[in-house]
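The values are calculated or read from the model by the stated rules, or taken from the named source; none is laboratory data. Note that this is a predicted model, so its numbers are computed, not measured. No Cβ is skipped: glycine too gets one built from the backbone with ideal geometry, and neighbour counts run over all protein chains shown.
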Ligand code: NAD
């Protein structure tokens, strides 16, 4: 049995976590669930949205399936999601974007994988607020050394991109490509303008690519990449990006395949991995048995693949695909009209997926 930490989250989290657990169990995957709490509900009880027991469980098991968690506003707590990524050094964000028949979208046959660096870049959290003493000192320091001057009314965000950080994420993209039968990796940057951050990223990408002669490599400037993805998404396969471009382009790619309802994801590091949907905790739908569980179920499918349980992963993906393609036992967001009275609930959509899994496995 493989032990997996299941974080039920808050908002719609517990409902879709339960639906996902049932679907994964139905594949016959040998998983023992270690159920843990995080989010606003547990914060009321324990005074923290991320109890130490949850963190310990993740550290011990190394694999987590996480339902969404609300980021409490104005409490002084950091986002649990960001905290988890930092605490476990989950440096790679993986977001496959695949067209499923039956999902309304302007595009068909998209099959892209976005790999986003999670720890560096403008997201590193190194910021200097306008007018502060440190900021003014920093501005003076820069102005004494640079031909370009910064005025005293500027705020500053720092963009660190390191050789080590770039090596590990680009290797991750190539390893993923190899392991998953992908043909090409595209590295995205703005090296023509930011020579010492994105330029370094590009140079390291090219060096790492030489270690993988069996996988095609190319690079694209980020603005061109946006246009290419909208016009010719079929030309791309695995796309690897620094943090900020990855944040923006993963939403663009989710949009290509029909949005949040079917957008799974994972955050992966050397010591662990957490699988989660791209969408949030949609608190207004909490407890209504209403929302679509597919994105978290597909995140569970990615987890099974990560664990080498490919047969179970295939069975699960095929079952989700079939239920969506039929369009009958699906939640409101997958119906042509949002208030379609034939829409089913979260639980019932999971039931339909479980039924298909049974058929696929001959049960
Ligand atoms: P959200 O994704 O929770 O919801 C936006 C809208 O998308 C919802 O109102 C709903 O109409 C729709 N939606 C989302 N998930 C759906 C589903 N499974 N089925 C059907 N419709 C769905 O985004 P938000 O409202 O910006 O964020 C709510 C909270 O979630 C915030 O506190 C935010 O910080 C948090 N959040 C958490 C994560 C995470 O845990 N990884 C990710 C994003 C946002």
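Can you name every residue in the stretch 325-334 that is on the phi < 0 side of the Ramachandran plot and either touching a strand residue (DSSP E or B) at 6+ places or on another chain (Cβ under 7 Å) or surrounded by fewer than 23 Cβ atoms within 10 Å (Cβ to Cβ) (or both)? Talk me through it step by step, then tell me what you get.
First pass over the stretch 325-334, keeping only residues on the phi < 0 side of the Ramachandran plot: 325-326, 328-334.
Answer for the stretch 325-334, where residues must be on the phi < 0 side of the Ramachandran plot and either touching a strand residue (DSSP E or B) at 6+ places or on another chain (Cβ under 7 Å) or surrounded by fewer than 23 Cβ atoms within 10 Å (Cβ to Cβ) (or both): 325, 326, 328, 329, 331, 332, 333.
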Tally, over the stretch 31-59, of residues that are free of Cβ contacts under 8 Å to residues at least 40 places away in the same chain and surrounded by fewer than 17 Cβ atoms within 10 Å (Cβ to Cβ)
11
Just checking, how many residues over the stretch 272-285 are touching a residue at least 12 places away in the same chain (Cβ under 8 Å) and out of contact with any helix residue (DSSP H, G or I) (no Cβ under 8 Å at 6 or more places or on another chain)?
4
Across the stretch 123-142, which residue is surrounded by the most Cβ atoms within 10 Å (Cβ to Cβ) among those that are under 17 Å from residue 90 (Cα atoms) and in contact (Cβ under 8 Å) with a residue 24 or more places away in the chain?
123
Quick check on my filter: what residues within the stretch 293-311 are under 21 Å from the mean Cα position of the chain (by Cα), away from the ligand (no atom under 16 Å from the Cβ) and outside any loop (DSSP other than H, G, I, E, B)?
304, 305, 306, 310
Taking the conditions exactly as written (in contact (Cβ under 8 Å) with a residue 12 or more places away in the chain, crowded, with 18+ Cβ neighbours inside 10 Å and within 16 Å of the ligand (Cβ to nearest atom)), does residue 290 satisfy them or not?
yes
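Look at residue 80 and say whether it is buried (at least 16 other Cβ atoms within 10 Å of the Cβ), modelled with pLDDT under 95 and closer than 14 Å to residue 276 by Cα. Break it down into steps so the answer makes sense when it comes.
On the way: buried (at least 16 other Cβ atoms within 10 Å of the Cβ): yes; modelled with pLDDT under 95: yes; closer than 14 Å to residue 276 by Cα: yes.
Against the criterion (buried (at least 16 other Cβ atoms within 10 Å of the Cβ), modelled with pLDDT under 95 and closer than 14 Å to residue 276 by Cα), residue 80 qualifies.
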Filtering the stretch 80-101 down to residues that are within 15 Å of the ligand (Cβ to nearest atom), part of a loop (DSSP other than H, G, I, E, B) and farther than 30 Å from residue 196 by Cα yields 100
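Please work out which residue is farthest from the chain's Cα centre (by Cα), limiting yourself to the stretch 143-169 and to residues that are exposed (fewer than 11 other Cβ atoms within 10 Å of the Cβ) and part of a loop (DSSP other than H, G, I, E, B).
At the first step, the residues of the stretch 143-169 found to be exposed (fewer than 11 other Cβ atoms within 10 Å of the Cβ) are 144-149, 151, 153, 164.
Right, trim to part of a loop (DSSP other than H, G, I, E, B) and you get 146-149, 151, 153.
On the way: 146: 38, 147: 40, 148: 37, 149: 38, 151: 37, 153: 36 Å.
Result: 147.
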Residue in the stretch 303-319 that is touching a strand residue (DSSP E or B) at 6+ places or on another chain (Cβ under 7 Å), touching a residue at least 24 places away in the same chain (Cβ under 8 Å) and crowded, with 22+ Cβ neighbours inside 10 Å present
yes
Given the stretch 180-268, what strands (runs of 3 or more DSSP E) lie entirely inside it while holding 1 or more residues that are surrounded by fewer than 22 Cβ atoms within 10 Å (Cβ to Cβ) and out of contact with any helix residue (DSSP H, G or I) (no Cβ under 8 Å at 6 or more places or on another chain)?
216-221
Counting only residues that are out of contact with any strand residue (DSSP E or B) (no Cβ under 7 Å at 6 or more places or on another chain) and in contact (Cβ under 8 Å) with a residue 40 or more places away in the chain, which one in the stretch 107-116 is farthest from the ligand (Cβ to nearest atom)?
109
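Have a look at 353, 357 and point out the one that is crowded, with 22+ Cβ neighbours inside 10 Å, within 15 Å of the ligand (Cβ to nearest atom) and in contact (Cβ under 8 Å) with a residue 60 or more places away in the chain. First the steps, then the outcome.
Working: 357 fails: within 15 Å of the ligand (Cβ to nearest atom).
Every option except 353 fails the conditions.
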Flagged in the stretch 68-77 as loosely packed, with under 14 Cβ neighbours inside 10 Å and within 11 Å of the ligand (Cβ to nearest atom), in numbering order, are 73
